[in-house]
Every structure is written in C-alpha cells, then in structure tokens.
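The values are calculated or read from the model by the stated rules, or taken from the named source; none is laboratory data. Because the structure is a prediction, the values reported are computed rather than measured. Cβ atoms come from the backbone with ideal geometry, glycine included; neighbour counts cover every protein chain shown. Only protein heavy atoms, including side chains, enter the accessible area calculation; ligands, DNA and RNA are left aside. Shrake-Rupley method; radii C 1.70, N 1.55, O 1.52, S 1.80 Å.
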Amino acid sequence: MANPDALANVEGPLYAARKGVYPKKVDGHFRRLKWLIMAVTLAIYYGTPWIRWDRGPYAPDQAVLVDLANRRFYMFQIEIWPHEFYYVAGLLIMAGIGLFLVTSAVGRAWCGYACPQTVWTDLFQHVDRLIDGDRNAQIRLANGPWTAEKIGKRALKYGLYLAIAFWTGGAWIMYFADAPTLTREFWTGEAAYVAYATVGVLTATTFVLGGFMREQVCIYMCPWPRIQTAMMDEKSLLVTYKDWRGEPRGSLKTALAHPGSVGDCVDCNQCVAVCPTGIDIRTGPQIGCITCALCIDACDKVMAQVGRPRGLIDYCALDDVAVERAGGTAQPVLKTLLRPRLMVYLGIWCAIGLAMLFTLGQRTRLDLAVQHERSPLYVQLSDGMIRNNYTLKLRNMEARPRKVAITVSGLPGAQLWTETGSREKASQRVEMTISPDSVTRVRLFVAAPADGPARQDFTIATQGRDGDPRGDSDTIQFDRPEVQ
C-alpha cells in the first residue's frame, strides 16, 4: 500500500483537466504529404464498396465484399473460402510486419499519417478551421461567452462532425453487402437491424473519438506508443529537436544585439502551435509525438524567414544525434534506411507476399473430401463383388458450373456409379456437372472383386473436364470381409 505521507508530498493534482489543442495551419512538404495520404485513404475507404467487378452471372459484382451470409471474401479477382482463411491470416501477418518495418525505419510515421484516428482527427481539425478560423480564432471562440454566433458555429460544426461520422459508419456496412442494394434498403427501412446498429455505433465512436477526444486516444488509449519502443533502435529516424544547435534560445533581436550568445531557436513556439497533440518537441522524445513532422514544416519556415539553415527540427537517428552534437556529419538518410534489420523485415514481408501470390496462382478451384459410410461397412453383391459406399463433397470454387470426372486408382477391377445411376451402367469413370460456387454432395458406390485384403487403401480423384484439368484427390479405405 502506498505511503500517505509520500502521496501528500506530490506536487500538483493527481488528475488534471484536459487542455484544448488548437493546431495552427501550416504548409510544407510534410503537410502536403499528409494531405495526399488523407485524400487517398479516405477515397479508398469511402469509394471501394462502389467499385464493380464482373465475376460472371453466379457471383456478386462488388469488387471488395465480405459476404458473411455465404461465407466468402471477395477482393477483385480473388475469392477466399472459409477453409482458405490462412490467406487472411497471411495479410494480417504482412500488416504486422509492415508496421514493424515502418516503425523501425521512421518511428511512429503510421500514427502520424495513416492511422484511422489520425486521418479522421485531421479531417475534423480542417472542419474546425473552416468554421471557427485558425488557431487564435478558435481559442478566442472557445474562451468567449455563449453568444448567438458561437451557438451557430458550434451547431454547424457539430453537424458536419455528425455527417462525417455517419458517412463513416455507413461506408463500413457497405463492405458486407451489395452497396447499391443495401443503401436503398437502409433508407427505406428494409435493412437488417444489425446494419442500423453498426452504423449507430460507428457514428457515435467516430464523432466522439475524432471530434472531441483526439490526442487523448493517441496518448492514453492506444497501446502502440508503449509497444513501439521495442521496434526502434538507435538508427531509427525520429523527429528530433537539435538542442545543441538551438540552445540557448533567444529572440532575433537578442541575437542581433549579442552575436553568438544564443542558439538558432528564436523561441517562437510555432512547433508547439502546429502540433496536433499539443506537445513541445523541444523537451525531447515523448509519448505524445506521433511523428507527423508538422513541427519540421513550421520550424523550416521560421528558419527561412530569419535567414538560418533549415533542420533545427528534423528527422534524425540517435546515433546521428551523437555525431552531430560532436560536430560531425550525419550519414545519408538512404544509408540509414538500408540497414540489416530493415532489410530482414522487408525480406520477410516480401517472402510472405510472394508465397501467397504463388499459392493463389497454383491453387485448384475444385476440392474433394471423401467419407466412408460405415452402415453397412460393405455389401456383397449377387455376382460376388464387394461394394462400399462413400459420400463425396465436391467444392466448386468458381462462379460457373463445372463438368467433372470421378475416377479411382489403386483398386484393381473397381467399378463406380452414383445414386442417380445403376449397377448395370457402372464403369471406371463417373462424369457429372456440379453447381457454381457451392459444395455438392454425391453418394458414390464402389464395387471391387472380393479377392483382396480386408482393408485396402485407394484413391478417389476428381478432375475438371471443361478446359481446366486441375482437380483434387483423397485417399480412403476399401473394406472386404476377412478371409477365414
């Protein structure tokens, strides 16, 4: 148990109220990169469900679809069945390794540019500037009294928040059903209850997390800032304030009056003003930094205005910090990125991706599973031959009917027929047409001479007869009465 006297000596309150963060508008290379990534990611998220992809008359024409009702996952030309979930697992593994790769290279760049929380928070902050104005205007409005103008601006802003959040939730459900059909059913009240519930939950969470909690999600709720330290090393590029160059801080007027007495930092606080999480990068690396690099844009702009070289705040590895602090020159960024650890991550990532592409190209679209019927185990026919019964599951994973042939090997003298055929028409091959994108159950009768082992392994195979000869096979047992 904690010592009450020790707790009494803690300075300041145990909990502090949240201070509002009002990022200032900035322009620069990294801000334009954030614009580009935000535009691309939002376009992909909102637009993908509306892309059409012709798979023929027996399959849905939505390019990306998670068809839970029929247990299918479609991504353009790729169709994943439940028994092929390892492809989805492979994609998740690639996503994880890709995150490790990015973090090892450039720290929390994922958090700063492509994380959904970052993207939607950035979008809401642009709404703030559109309605309330830039940083100073937002602060004045937040601290001012509740006038008619403030109420109107708040109503308009929160209305836009709600519209974006609702659009976000509505786009999500489109991935699980045909988008045009679900849209019509949603607005006419014919959609399933789960669709309305999902949109409601996602609308509420987007509205609250992106509109109000913002940096608190990154600092307090997200586990990744605590995990990322295991992914980084002394060569990872981080957004760094070069204190050996910037300290001691002083205004431009002081620098002109006392040359050499102050560093390059003019203490303008622009790096703090543009930060979406409200931190001061000059105090060193901290959990609130999402590596968006907007402080680099702001600082470079100020350095250009006061006639000093850029890079007071810049991407820099810890190893390079020591070199530059001692007066040396940091190694090129490309050399920092092409180090063994990153090459290993990249190699593993590429290997998994290439292996998945190879197996996707080589996989057969016709699967076979055979089950021996045990009641009865075998039947002796009038001509002395022994008959065993089997249940075949033929899985056609193509969006078209398939004509297939069923054969056996390893069982001399075997004859085959199905429950729709007859013993008189038995042969060594059975041909049939199976339905598209489905599993067809077939009862197969196999008869073989009685002179043989009591238990004999043989193979039942299926093969396409429609231009694609690839198929599948299964080894099963044939039972006979034991010789006394």
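Some observations on this one:
- Count of the stretch 451-473 residues, restricted to those that are more than 15 Å from Gly410 (Cβ to Cβ) and surrounded by fewer than 15 Cβ atoms within 10 Å (Cβ to Cβ), is 7.
Per-residue answers, yes or no, for (1) over 13 Å from Ile290 (Cα atoms); (2) at pLDDT 95 or above:
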residue	(1), (2)
Ser104	yes, no
Gly112	no, no
Phe124	yes, yes
Asp134	yes, no
Gln138	yes, no
Leu141	yes, no
Gly144	yes, no
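- Any hit, the stretch 342-349, residues being modelled with pLDDT of 90 or more and either touching a strand residue (DSSP E or B) at 6+ places or on another chain (Cβ under 9 Å) or of a type in the set (S, T, N, Q) (or both): no
- Selected residue (criterion: nearest to Ile173 (Cα to Cα)) from residues of the stretch 28-41 that are surrounded by 13 or more Cβ atoms within 10 Å (Cβ to Cβ) and of a type in the set (D, E, K, R): Lys34
- The residues of the stretch 54-95 that are open to solvent by 90 Å² or more (accessible area, probe 1.4 Å) and among the small types (Gly, Ala, Ser) amount to a single one, Ala69.
- Cross-chain or 6+ apart pairs with Cβ under 7 Å, the stretch 122-140 first and among the hydrophobic types (A, V, I, L, M, F, W, C), then in a loop (DSSP other than H, G, I, E, B): Ile139/Tyr22
- Among (1) surrounded by fewer than 19 Cβ atoms within 10 Å (Cβ to Cβ); (2) hydrophobic (A, V, I, L, M, F, W, C); (3) touching a Pro at 6+ places or on another chain (Cβ under 9 Å), the one test that Cys265 misses: (1)
- Asp243 vs. criteria of a type in the set (D, E, K, R), farther than 22 Å from Pro116 by Cα, modelled with pLDDT under 85 and open to solvent by 30 Å² or more (accessible area, probe 1.4 Å): no
- Take the conditions (1) in contact (Cβ under 8 Å) with a residue 24 or more places away in the chain; (2) of a type in the set (Asp, Glu); (3) assigned to a loop (DSSP other than H, G, I, E, B); Glu431 misses just one of them, which is (3).
- Failed criterion for Cys292 (all others in (1) at pLDDT below 90; (2) buried (at least 16 other Cβ atoms within 10 Å of the Cβ) hold): (1)
- A single member of Arg184, Arg226 is of a type in the set (Lys, Arg), more than 19 Å from Asp67 (Cβ to Cβ) and either modelled with pLDDT of 90 or more or in a helix (DSSP H, G or I) (or both), and it is Arg226.
- Any hit, the stretch 96-117, residues being part of a loop (DSSP other than H, G, I, E, B), open to solvent by 20 Å² or more (accessible area, probe 1.4 Å) and under 30 Å from Arg226 (Cα atoms): yes
- Tally, over the stretch 42-53, of residues that are in contact (Cβ under 8 Å) with a residue 12 or more places away in the chain and open to solvent by 50 Å² or more (accessible area, probe 1.4 Å): 3
- Options Asp383, Asp367; residue that is modelled with pLDDT under 90, of a type in the set (Asp, Glu), surrounded by fewer than 16 Cβ atoms within 10 Å (Cβ to Cβ) and under 30 Å from Arg455 (Cα atoms): Asp383
- Here Lys157 does not fit the description of being of a type in the set (D, E, K, R), in contact with a Gly (Cβ under 8 Å, 6 or more places away or on another chain) and free of Cβ contacts under 8 Å to residues at least 40 places away in the same chain.
- Unique match (being of a type outside the set (Val, Ile, Thr), touching a helix residue (DSSP H, G or I) at 6+ places or on another chain (Cβ under 8 Å), open to solvent by less than 30 Å² (accessible area, probe 1.4 Å) and at pLDDT 95 or above) among Ala204, Ala165, Ala179: Ala165
- If you filter the stretch 417-445 down to residues that are farther than 30 Å from Ile80 by Cα, of a type in the set (S, T, N, Q) and open to solvent by 70 Å² or more (accessible area, probe 1.4 Å), you find that the one that is nearest to the chain's Cα centre (by Cα) is Thr420.
- Condition met for Arg135 (surrounded by 14 or more Cβ atoms within 10 Å (Cβ to Cβ), under 30 Å from Leu33 (Cα atoms) and of a type in the set (Lys, Arg)): yes
- Scanning the stretch 393-416 for residues that are closer than 30 Å to Ala59 by Cβ and open to solvent by 30 Å² or more (accessible area, probe 1.4 Å) turns up Lys393, Arg395, Glu398, Arg400, Pro401, Lys403, Thr407.
- Filtered residues of the stretch 15-27 (kept if in contact (Cβ under 8 Å) with a residue 24 or more places away in the chain and either of a type in the set (Phe, Trp, Tyr) or open to solvent by less than 60 Å² (accessible area, probe 1.4 Å) (or both)): Gly20, Val21, Tyr22, Pro23, Val26
- Residue within the stretch 143-153 that is surrounded by 15 or more Cβ atoms within 10 Å (Cβ to Cβ), assigned to a helix (DSSP H, G or I) and of a type in the set (A, V, I, L, M) present: no
- Within the stretch 306-319, the presence of at least one residue that is under 34 Å from the mean Cα position of the chain (by Cα), among the aromatic types (Phe, Trp, Tyr) and closer than 30 Å to Tyr220 by Cβ is confirmed.
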